[in-house]
1. List every residue pair whose Cβ atoms lie under 8 Å apart, where the two residues are 6 or more positions apart in sequence or sit on different chains, the first residue falls within the stretch 86-112 and is open to solvent by 40 Å² or more (accessible area, probe 1.4 Å), and the second residue, located anywhere, is among the small types (Gly, Ala, Ser) and assigned to a strand (DSSP E or B).
2. Is at least one residue of the stretch 75-83 closer than 28 Å to Arg146 by Cβ and open to solvent by 40 Å² or more (accessible area, probe 1.4 Å)?
3. Has the stretch 48-62 got any residue that is within 30 Å of Ser96 (Cβ to Cβ), touching an Asp or Glu at 6+ places or on another chain (Cβ under 8 Å), open to solvent by less than 10 Å² (accessible area, probe 1.4 Å) and part of a helix (DSSP H, G or I)?
4. Can you report the number of residues in the stretch 59-82 which are over 17 Å from Leu122 (Cα atoms) and in contact with a strand residue (DSSP E or B) (Cβ under 7 Å, 6 or more places away or on another chain)?
5. So which pairs qualify, if the first residue must be in the stretch 54-74 and free of Cβ contacts under 8 Å to residues at least 40 places away in the same chain, the second must be among the β-branched types (Val, Ile, Thr), the Cβ gap must be under 6 Å, and the two must be at least 6 apart or on different chains?
6. Please identify the pairs in which a residue from the stretch 10-24 that is under 14 Å from Asn60 (Cα atoms) has its Cβ atom under 6 Å from the Cβ atom of a residue that is in a helix (DSSP H, G or I) and open to solvent by less than 40 Å² (accessible area, probe 1.4 Å), counting only partners at least 6 apart or on another chain.
7. Going by what's in this entry, would Lys8 be described as surrounded by fewer than 19 Cβ atoms within 10 Å (Cβ to Cβ) and in contact with a helix residue (DSSP H, G or I) (Cβ under 8 Å, 6 or more places away or on another chain)?
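The values are calculated or read from the model by the stated rules, or taken from the named source; none is laboratory data. Because the structure is predicted, anything quoted here is derived from the model rather than measured. Quick reminder, even Gly has a Cβ in these numbers, built from the backbone with ideal geometry, and neighbours come from all protein chains shown. The accessibility values were calculated without ligands, DNA or RNA, using every heavy atom of the protein model including side chains. Shrake-Rupley method; radii C 1.70, N 1.55, O 1.52, S 1.80 Å.
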Amino acid sequence: MEKVRLPKGQEIEEAQKMSSYILDLLGYKKKITLLGMNEKTRQFFTWGCCKYACFATEKNNIGLQFNVSGLKFKGLVRVIYCYATDYFNIELIKVSRINVLKELNRKLGLKPNEMKLYQEKLTCVKEVKDIDFESLHNILHRLIEREDDPEV
């Protein structure tokens, strides 16, 4: 799992453009026309995406992360664009919360504390590397939702 950071300076605009491009590849549409939606857009909306954010990595790559609640996977998805290879990497990450005070009291042998202080723990469940732009949507759909839908 690559370490992420906030984009700085000129990287911000570039990361926003790349995030928009990734969303276009995945089938995201702001408006649905009267003619309906195509299969790619329908599949994208079945993932239950929310909380979109662009980011940069320590290796100076950029990408998009969002939460999904699909049939097969619920958690955080990161799509990273690698400049050197001109391919995308996918990371599926489970987010769990740990009650820090309860763990600390248990280690010290104290009574359980009623106060709650949570820390998020990120665990990379699956990582797929070197994906071209044409197969990005199909691979994500198979990982998040289901495998028996038609490929688009």
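1. Filtered contacts from the stretch 86-112: Lys94/Gly75; Val95/Gly75.
2. For the stretch 75-83, residues closer than 28 Å to Arg146 by Cβ and open to solvent by 40 Å² or more (accessible area, probe 1.4 Å): absent.
3. First, the residues of the stretch 48-62 that are within 30 Å of Ser96 (Cβ to Cβ): 48-62.
Subsequent filtering for residues that are touching an Asp or Glu at 6+ places or on another chain (Cβ under 8 Å) retains 56-59, 61-62.
Within this subset, residues satisfying the condition of being open to solvent by less than 10 Å² (accessible area, probe 1.4 Å) are 56-57, 62.
Now restrict to residues that are part of a helix (DSSP H, G or I): none.
No, that holds for no residue.
4. 5
5. These pairs meet every condition: Phe66/Val77.
6. No pair meets every condition.
7. Numbers: surrounded by fewer than 19 Cβ atoms within 10 Å (Cβ to Cβ): yes; in contact with a helix residue (DSSP H, G or I) (Cβ under 8 Å, 6 or more places away or on another chain): no.
Taking the combined requirement at face value, the residue does not satisfy it.
To keep it simple, each residue is scored yes or no on (1) farther than 30 Å from Gln10 by Cβ; (2) at pLDDT below 95; (3) out of contact with any Pro (no Cβ under 7 Å at 6 or more places or on another chain).
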| residue | (1), (2), (3) |
| --- | --- |
| Gln65 | no, no, yes |
| Ser69 | yes, no, yes |
| Val77 | no, no, yes |
| Lys94 | yes, no, yes |
| Asn105 | yes, yes, no |
| Lys111 | yes, yes, yes |
| Lys129 | no, no, yes |
| Asp148 | yes, yes, yes |
